[in-house]
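For reference, the structure is listed below as structure tokens.
Readers should treat all values here as calculations from the given coordinates under stated rules, not as data from a laboratory. The shown structure was predicted, so the numbers you read here are calculated from the model rather than taken from an experiment. Neighbour counts are summed over all protein chains in view; Cβ atoms, including those assigned to glycine, are modelled from backbone coordinates with ideal geometry.
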Amino acid sequence: MAAFEAVWGGLALPPSPHYDGGPRTLSRDVPEGPDPDWHFEAGMQRTALPYAFMIGPNGEFGLRAGKWVPLHASVEGWVEALALADHARNWARTTTTLKGAAVDELVLDGFEAVPEVAGLADTWWRGTDSLVAVYRGEAEVMDASQCLTATIYAGLDEWGLRGLGPSG
């Protein structure tokens, strides 16, 4: 975890649109475990929550409240998801939030997964003029299907969908 601290330690994060903003800064603490694996706290949350933000045994970023639910396959994935949410909020013409069973009815045919977020429980999808964030982590960690959430950012042009290209 020394590598985590060297790369991410002290990084101040923008608030997540979900999970009551997420951790304010990334930092690691002493390991917790094994049950069956060791986990490290990823940083203090912004508000009181029934779960903690953790780094898993293989570098995953996720939630832990008695059970472990990895949101992203890496800390980088979490940071990318925060950046994408901030970008989408700024450029979308409309934003729609779905909750609970309505999320399971969401049709993502014709959308492609956004690989940069390394999504596990939480995923991002790109369509022709939309970005869709699906947040399953809180619902899974608390066994509370009403916490399942999707945010649809619509009315995006090429800039809104992709941001700066390789040429910057």
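A few notes on this one:
- The calculated FRET efficiency for Glu76 paired with Thr128, based on their beta-carbon distance and R0 = 30 Å, is about 0.65.
- The modelled label-to-label distance for the pair Asn58/Phe111, using points 7 Å beyond Cα in the direction of Cβ, is 2.4 nm.
- Seen from Leu148, the other residues with C-beta closer than 15 Å to its C-beta sum to a net charge of -4, counting Lys and Arg as +1 and Asp and Glu as -1.
- Taking the stretch 79-168 and dividing mean pair separation by its residue count, relative contact order in percent (alpha carbons under 8 Å, at least six apart): 35
- Extension gain, Asp157 to Thr25: 0.36 nm times the residue separation minus the Cα-Cα distance gives 44.4 nm.
- For the stretch 63-122: rounded, prolate or oblate by the Cα gyration tensor [a/c cutoff 1.5]: oblate
- The stretch 84-168: C-alpha gyration tensor shape, a/c 1.5 cut-off, then a/b vs b/c: prolate
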